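Written out below as structure tokens is the structure these notes cover.
The values are calculated or read from the model by the stated rules, or taken from the named source; none is laboratory data. Here the structure is a predicted model, which is why all the values come from computation and not from measurement. So basically every Cβ, Gly included, is an ideal-geometry build from the backbone, and we count neighbours across all protein chains shown. Note: accessible area is taken over every heavy atom of the protein model, side chains too, but ligands, DNA and RNA are not part of it. Shrake-Rupley method; radii C 1.70, N 1.55, O 1.52, S 1.80 Å.
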Amino acid sequence: MIPLRGSIRSQTFPIFNISLIVVNVLIFVLVLLLGEDRGTFFNTFGVVPANLTSALRGEGAASLSIVPLFTSMFLHAGPIHLLGNMLFLWVFGDNVEDSMGHFRYLVFYVLCGVGATGVHIVFAPFSEVPVVGASGAIAGVLGAYILLFPHSRVLTLIPIVFFFHLVKIPAWVFLGIWFVMQFFSGLFSIAGPSAGGVAWWAHVGGFASGAILLYPFRRRRRDRQYL
């Protein structure tokens, strides 16, 4: 299922949501220019769970650095990874920013990303694969959206065999299905390597972080316009 548009009209200009999209795209282009050095860059600025847990235990020569917890959410492994994440952020992020206020939304987004990475580390503490991508932070946006706008209707593109169908799905259904898929994929990944290198538990953790952090970050709800 590919979301194309939500049915709620934002009442303010989503300056930080758009800025996050622009920054992610620019960083992706800059990282592409590194060529063969990208692997080293990802290992330095992505989160490598094994390095972090080793440093916390005081083992080896690893030093504890929290910088990758923040930089990793602005890195993407490929164009499909980037485009998929930015599409979800574009569709759902503006309304959440509208509900929180601009600066609070930015802080909320970053905290959700950190929370998502933390949950991934809990489930894969010895992984040496760098965790990169905005999907954990964006999952936090989705966790807030499903609580704020459960009855919003999401215009969704559904591929069926060789055809594509456009349908409007209630947000609680669309995002509920999305979360269930992440959760069970995470359960299956416990038995072996994560399929396709996807950090499923980061998605689950980000979604839960967004749902929890919504209430201290949201401001008084205003009337919404449905399209």
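Observations
- Scanning segment 66-97 for residues that are assigned to a helix (DSSP H, G or I) and either over 19 Å from Ala139 (Cβ atoms) or of a type in the set (Phe, Trp, Tyr) (or both) yields a total of 7.
- Residue in segment 16-65 that is farthest from Leu82 (Cα to Cα), counting only those that are modelled with pLDDT of 85 or more and assigned to a loop (DSSP other than H, G, I, E, B): Val48
- Unique residue being within 25 Å of Trp200 (Cα to Cα) and free of Cβ contacts under 8 Å to residues at least 40 places away in the same chain when the list is Ser65, Ser19: Ser65
- Filter result (assigned to a helix (DSSP H, G or I) and open to solvent by less than 10 Å² (accessible area, probe 1.4 Å)) within segment 137-161: Ala137, Ile138, Ala139, Gly140, Val141, Leu142, Gly143, Ala144, Tyr145, Leu148
- Any hit, segment 189-198, residues being under 13 Å from the mean Cα position of the chain (by Cα) and modelled with pLDDT under 90: yes
- Residue among Gly115, Gly35, Gly101 that alone is on the phi > 0 side of the Ramachandran plot, open to solvent by 20 Å² or more (accessible area, probe 1.4 Å) and small (Gly, Ala, Ser): Gly35
- With respect to being more than 26 Å from Phe41 (Cα to Cα), out of contact with any Leu (no Cβ under 9 Å at 6 or more places or on another chain) and open to solvent by less than 70 Å² (accessible area, probe 1.4 Å), Val173 fits the description.
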